[in-house]
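The values are calculated or read from the model by the stated rules, or taken from the named source; none is laboratory data. Keep in mind that what you see is a predicted model, and the values were worked out from it rather than measured. Reconstructed Cβ throughout: ideal geometry from the backbone, glycine too, with neighbour counts over all protein chains shown.
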Amino acid sequence: MVRQRDSGTPAGQVVNIYRKLMRRVRWVLSRAPHMIRCSEFEDFILDYLDDDLPSAEQRKFDFHLRLCPECRIYLDAYQTSVALGRAVCDELDDAIPESVPEDLVAAVLAAREFGYEGG
């Protein structure tokens with residue numbers, strides 16, 4: 001995170017002006033027809049990571065990522081969460097604890113038969 005500068009100093013005033021300007025630029029660009037909004041970002045994330053976005057949508061997504069530090073942070077956290085989840089699942093052994101109800105085990109096995117892998 002960027003440290004706050006004292007707005008009383010010339011350098012601090014420049015930093016504050018720059019931040020305000022960048023917020024305004026992001027706001028204006030987010031209303032442009034070629035941009036997705038942060039609120040739409042999550043709708044695209046799975047297809048983006050699977051490389052399944054149409055080329056026009058891919059360009060919108062990439063452009064948004066270049067301009068939006070919050071969504072870059074979100075994407076990084078999302079990818080980290082997915083990687084950690086996969087690592088945990090890879091470490092689990094196949095033994096099913098006695099406390100797991102039989103109907104739950106049957107439901108999971110049935111779902112696997114139909115090709116559902118989760119995630």
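What to note about this one:
- Scope region 48-87; condition on the phi < 0 side of the Ramachandran plot and either in contact with a Pro (Cβ under 8 Å, 6 or more places away or on another chain) or not in a helix (DSSP H, G or I) (or both); matching residues: 50, 52, 53, 54, 68
Yes or no, residue by residue, for (1) surrounded by 10 or more Cβ atoms within 10 Å (Cβ to Cβ); (2) modelled with pLDDT under 80; (3) closer than 30 Å to residue 35 by Cα:
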| site | (1), (2), (3) |
| --- | --- |
| 55 | no, no, yes |
| 60 | yes, no, yes |
| 69 | yes, no, yes |
| 72 | yes, no, yes |
| 90 | no, yes, no |
| 95 | no, yes, no |
| 100 | yes, no, no |
| 117 | no, yes, no |
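- Within region 41-57, residues that are aliphatic (A, V, I, L, M) sit with their Cβ atoms under 7 Å from residues that are surrounded by 14 or more Cβ atoms within 10 Å (Cβ to Cβ), at 6+ positions apart or across chains, in these pairs: 45/75; 45/78; 53/44; 53/47; 53/61.
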